[in-house]
Amino acid sequence: MSFPALVEPAAELTTDEVRRYSRHLIIPDVGMTGQKRLKNAKVLVIGAGGLGSPALLYLAAAGVGTLGIAEFDTVDESNLQRQVIHGVSDIDKPKGQSAKESIAEINPYVEVVLHPERLDNDNVFSVFEGYDLIVDGTDNFATRYMVNDAAYFLKIPYVWGSIYRFDGQASVFAPMLGEDLPCYRCLYPEPPPPGMVPSCAEGGVLGVLCASIGAIQVNEAIKLLTGIGDPIAGKLMIYDALEMEYRKLKVRKDPSCALCGENATVTGLIDYDAFCGAVSDEAAEAAVGSTISVVQLEHMLKERDNGERDFVLVDVREPNEAEINHIPGAVLIPKGEFLNGNALSQLPSDKQIVMHCKSGVRSAETLAIVKGAGYADAVHVGGGVVAWVSQIDPSQPTY
Ligand SMILES: [Zn+2]
């Protein structure tokens, strides 16, 4: 499906600009009008990291007149493996500033607007306001859902991309451009349970994958801005770098979508950290290398029954939750007891402590407390009782 161009053409290109963009101008579909549209375009790129780096470089080179960069982080040496807009001399510099300097070197006709604050519910509307298009290079689920919802409310289309190890995905979410077009929530109504999907910082990413997916995002951005071709709104691009395989799946609008469906329940910004079960830095750190799966837990419980090993399984949820469903053999000590310090006296000092909650957020927090108290071999169960019911014991209800 093609769409009308998002941007009206600028009045004119200067002689210097005509020379610079000549390889675009001689493509009939782009031509003078298309290049003038790019000159007039205002594009916000969220994140100057793995996806944002190649996206910003190519959007700038293509002649997008105004580029916003929403980025609060600073350049770290470990970024340079893939975040190609930054260099060695940029280490410890704000990423937005570093990106702005690289863009000035590539194309001085681009105006760069820095948004150095962390995007949140208080500033997301004012940051997004006035942009024609957003390119989302966010690496966490809370921000992704916030970007989707804010863009929907402001009626700004956006190009989404995600990367992990050798796999990438990309799509255009633009329900404002057509009644049948989905939003991100139509594709992913709920975030994965915390701890189930590792971040690139935990799981790694092949550096060049950023270029593959970032380039698709820029490609789609240029098509939308200039009104050429068939943007991937309503489709999901899936890229497998190991098999060198691109697949394009149809994504339908979900009539019951909480945001863009007929009976929408999300009518304003929500608490995205709570929705996505974001964990504190301490909890995330404690969970690295100390998270077991429900399959591992089932195996451990069998060994405990056989007397081959011993450990204490602690359910850190509230009593009313434990009445709905439970993992057999768990003792209930609510999270509050860990926070006030009472729980530690109830734990044996000579046994491994294994903790679970509903989805793995609260148990990651109690894991940090228990590890801090000296239980070095303590672990928690990724996905919690939700994963237990779905993978091990579907006979129990969920809530
Ligand atoms: Zn939707």
Counting only residues that are more than 26 Å from ASP350 (Cβ to Cβ) and hydrophobic (A, V, I, L, M, F, W, C), how many does the range 367-399 have? 6
Filter the range 125-153 for residues that are in a helix (DSSP H, G or I) and more than 21 Å from GLY50 (Cβ to Cβ) and give the result. PHE125, SER126, PHE128, ASP149, ALA150, TYR152, PHE153
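I'd like to know if the range 194-212 contains one or more residues that are in contact with a strand residue (DSSP E or B) (Cβ under 7 Å, 6 or more places away or on another chain) and within 16 Å of the ligand (Cβ to nearest atom).
From the range 194-212, those in contact with a strand residue (DSSP E or B) (Cβ under 7 Å, 6 or more places away or on another chain) are 195, 200, 203-206, 209-210, 212; that's our starting set.
Among the residues that remain, those that are also within 16 Å of the ligand (Cβ to nearest atom) are: none.
Looking through the range 194-212, none of the residues is in contact with a strand residue (DSSP E or B) (Cβ under 7 Å, 6 or more places away or on another chain) and within 16 Å of the ligand (Cβ to nearest atom).
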Which number in (1) open to solvent by 30 Å² or more (accessible area, probe 1.4 Å); (2) within 16 Å of the ligand (Cβ to nearest atom) marks the one condition that ILE228 misses? (2)
Can you name the condition, by its number, that TYR188 falls short on among (1) free of Cβ contacts under 8 Å to residues at least 24 places away in the same chain; (2) aromatic (Phe, Trp, Tyr); (3) touching a Cys at 6+ places or on another chain (Cβ under 7 Å)? (3)
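In the range 123-136, what residues are at negative phi, over 19 Å from the mean Cα position of the chain (by Cα) and surrounded by fewer than 17 Cβ atoms within 10 Å (Cβ to Cβ)?
Filtering the range 123-136 down to residues at negative phi leaves 123-129, 131-136.
From the residues that got through so far, the ones that are over 19 Å from the mean Cα position of the chain (by Cα) too are 126, 129, 131-132.
Across the range 123-136, the qualifying residues are SER126, GLU129.
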How many of the residues making up the range 220-238 are β-branched (Val, Ile, Thr) and within 16 Å of LYS39 (Cβ to Cβ)? 3
Criterion violated by ALA174 - all others in (1) within 16 Å of the ligand (Cβ to nearest atom); (2) under 20 Å from ALA60 (Cβ atoms) satisfied: (2)
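Determine whether ALA274 is open to solvent by 20 Å² or more (accessible area, probe 1.4 Å), more than 16 Å from the ligand (Cβ to nearest atom) and under 17 Å from GLY382 (Cβ atoms). Reasoning before the result, please.
Working: open to solvent by 20 Å² or more (accessible area, probe 1.4 Å): yes; more than 16 Å from the ligand (Cβ to nearest atom): yes; under 17 Å from GLY382 (Cβ atoms): no.
The answer is no for ALA274.
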Quick check, is GLU308 touching a residue at least 60 places away in the same chain (Cβ under 8 Å) and open to solvent by 60 Å² or more (accessible area, probe 1.4 Å)? no
Residue among PRO4, PRO9, PRO28 that is free of Cβ contacts under 8 Å to residues at least 24 places away in the same chain, over 18 Å from GLN97 (Cα atoms) and assigned to a loop (DSSP other than H, G, I, E, B): PRO28
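Quick check on ALA264: is it out of contact with any helix residue (DSSP H, G or I) (no Cβ under 7 Å at 6 or more places or on another chain), near the ligand (Cβ under 10 Å from one of its atoms), under 28 Å from ASN123 (Cα atoms) and not acidic (Asp, Glu)?
On the way: out of contact with any helix residue (DSSP H, G or I) (no Cβ under 7 Å at 6 or more places or on another chain): yes; near the ligand (Cβ under 10 Å from one of its atoms): yes; under 28 Å from ASN123 (Cα atoms): yes; not acidic (Asp, Glu): yes.
Spelling it out, ALA264 is indeed out of contact with any helix residue (DSSP H, G or I) (no Cβ under 7 Å at 6 or more places or on another chain), near the ligand (Cβ under 10 Å from one of its atoms), under 28 Å from ASN123 (Cα atoms) and not acidic (Asp, Glu).
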Some residue of the range 47-66 being in contact with an Asp or Glu (Cβ under 6 Å, 6 or more places away or on another chain), outside any loop (DSSP other than H, G, I, E, B) and surrounded by fewer than 21 Cβ atoms within 10 Å (Cβ to Cβ): yes
List pairs: first residue in the range 230-248 and touching a residue at least 24 places away in the same chain (Cβ under 8 Å), second residue open to solvent by less than 30 Å² (accessible area, probe 1.4 Å) and assigned to a strand (DSSP E or B) anywhere in the structure, Cβ distance under 6 angstrom, at least six positions apart or on different chains. PRO231/VAL172; ILE232/SER171; ILE232/VAL172; ALA233/VAL172; LEU236/SER171; MET237/ALA170; TYR239/GLY168
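The values are calculated or read from the model by the stated rules, or taken from the named source; none is laboratory data. Source: prediction; values computed, not measured. So basically every Cβ, Gly included, is an ideal-geometry build from the backbone, and we count neighbours across all protein chains shown. Just the protein is used for accessible areas: all its heavy atoms, side chains included, with ligands, DNA and RNA removed. Shrake-Rupley method; radii C 1.70, N 1.55, O 1.52, S 1.80 Å.
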